[in-house]
Amino acid sequence: YQYLHKRFPHKKFGLADTRDKEHFSVEEKEILFPARGMTFHLGEKYLESMEEYDVIIKSSGILPFLPEIEETKKQGKMFLSQIEIFFEVCPGKIIGVTGTKGKSTTTSAIYNVLKSGHKTVRLAGIIGIPVLYTLTRATKDTIFVVELSSFQLMNLQVSPNISVVQNIVHEHGDYHGTFEKYVDAKANIARFQKEEDVVIYNASYPIPKKIAEMSKGKKYAFSSSFVEGMNAFVHEDKVFVSFEGKRRAVLPIHDIPLRGEFNI
């Protein structure tokens with residue numbers, strides 16, 4: 001609301017939520033209830049008011065096939081998500097991370113590495129920071145490291161500049177219906193990449209490799225074991241990186257503070 005109201009101060013806004021007013025946090029109440037141009041649709045029938053609006057911004061966790069949502073779509077209403085708006089207006093470079101497990105750890109690690117290199121970098125996504133909030137005073141030189149769930153990816157028609165694809169296993173069957181649809185949603189992280197983009201993927205497993213093959217961009221593979229052609233791998237208790245025909249040891253694995261092979 002804060003992001004959109006600033007840009008469209010004369011538009012009517014509505015907030016739909018299953019919670020009643022008394023169940024909002026103190027911070028939420030301070031921001032929302034004095035808000036100008038805001039109508040509230042609260043309680044069990046919170047979805048019945050969508051036909052009053054031209055654009056509906058759906059929280060990613062809400063099931064996409066609820067009867068009220070399907071009926072509103074038939075009326076030609078536009079459905080968007082916060083992440084779709086973010087990709088549309090983001091001025092800088094986006095690094096997106098997906099997988100079934102380990103997204104938060106990997107996203108945080110990438111962010112901290114870039115930050116230690118004095119890059120202008122921001123952390124965003126399902127890690128807890130709303131993506132639109134991170135756009136404040138951003139420029140074309142700002143780098144955004146974004147954790148992306150299948151919920152967020154499923155309707156995207158654009159992919160990050162740099163995509164990181166970890167292993168994908170069965171999860172969220174109640175949301176996507178089938179494992180194939182879950183994987184198809186994840187694949188949007190690479191599907192729309194351009195030739196100047198990059199996809200980095202876990203080559204130890206077939207699904208990340210299959211998703212990476214959809215990308216038109218440069219492909220860099222990593223593996224926890226030595227495999228010919230890998231760009232990053234573990235060999236003789238060291239992490240190696242192979243880039244532009246040059247291979248070098250980066251660090252011993254016992255110097256990595258995170259325990260477990262999956263963290264390596």
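The values are calculated or read from the model by the stated rules, or taken from the named source; none is laboratory data. Keep in mind that this is a model prediction, so the values were computed, not measured. FYI the Cβ positions are ideal-geometry reconstructions off the backbone, even for glycines, and counts take in every protein chain you see. Just so you know, the surface numbers come from the protein's heavy atoms only, side chains and all, with ligands and any DNA or RNA stripped out. Shrake-Rupley method; radii C 1.70, N 1.55, O 1.52, S 1.80 Å.
Matching the structure-derived percent of Cα pairs over 34 Å apart against the labelled list [x] 38; [y] 47; [z] 26 gives the label [z].
Between Phe226 and Phe262, the modelled label-to-label distance comes to 2.7 nm, taking each label 7 Å out from Cα in the direction of the beta carbon. Amide H contacts of Phe192: Ser159, each under 5 Å away and 5 or more positions distant or on a separate chain (H built 1.01 Å from N in the peptide plane; Pro and chain starts excluded). Remark: the Glu71-Lys218 segment gains 48.8 nm on full extension, using 0.36 nm per residue and subtracting the alpha carbon distance. Hey, with R₀ at 30 Å, roughly what FRET efficiency would Gln157 and Thr178 work out to, going by the Cβ-Cβ distance, to 0.05? About 0.90, to the nearest 0.05. Projecting the Cα atoms of Met50, Gly99, Leu80 onto the dipole axis of the stretch 41-114, where Lys and Arg carry +1 and Asp and Glu carry -1 at the beta carbon, places Gly99 farthest toward the positive end. Protection proxy ranking of 18-29, 230-241, 70-81, by the mean of other Cβ atoms within 10 Å over each peptide's residues and highest first, is 230-241, 70-81, 18-29.
Considering only protein heavy atoms and a 1.4 Å probe, what is the carbon-and-sulfur percentage of the accessible area of the stretch 1-96? Can you show the working numbers first?
Working: 3250 of 6380 Å².
Carbon with sulfur: 51 percent of the solvent-accessible area.
A probe of 1.4 angstrom, applied to the heavy atoms of all protein chains, finds Lys210 with accessible area near 130 square angstrom. Computed extension gain for His235 through Lys210, at 0.36 nm per residue and net of the alpha carbon distance, reaches 6.5 nm. Here the chain carries DSSP beta bridges of which approximately 25% are antiparallel, counting only pairs with both residues inside. Look at where the Cα atoms of the stretch 131-173 and of the stretch 66-112 average out, and the two centres are 6 Å apart.
In this structure the chain gives 60 Å² per residue of accessible area when probed at 1.4 Å with all protein chains present.
Checking the cross-link pairs Lys181/Lys246; Lys6/Lys140; Lys74/Lys209; Lys140/Lys219 against a 32 Å limit on the alpha carbon distance flags Lys181/Lys246; Lys74/Lys209 as lying beyond it. Evaluate the distance, in nm, between pseudo-label points positioned 7 Å from the Cα of Glu52 and of Lys101 along their respective Cα→Cβ axes. Placing both labels 7 Å along Cα→Cβ, they lie 4.5 nm apart. Sorting Glu68, Glu180 by solvent-accessible area of protein heavy atoms yields Glu180, Glu68, largest first, with a 1.4 Å probe. For the peptides 35-46, 192-203, the ranking by packing is 192-203, 35-46, with the highest mean count of neighbouring Cβ atoms within 10 Å listed first. Relative contact order of the chain, taken over Cα pairs closer than 8 Å and 6 or more residues apart, is 12 percent.
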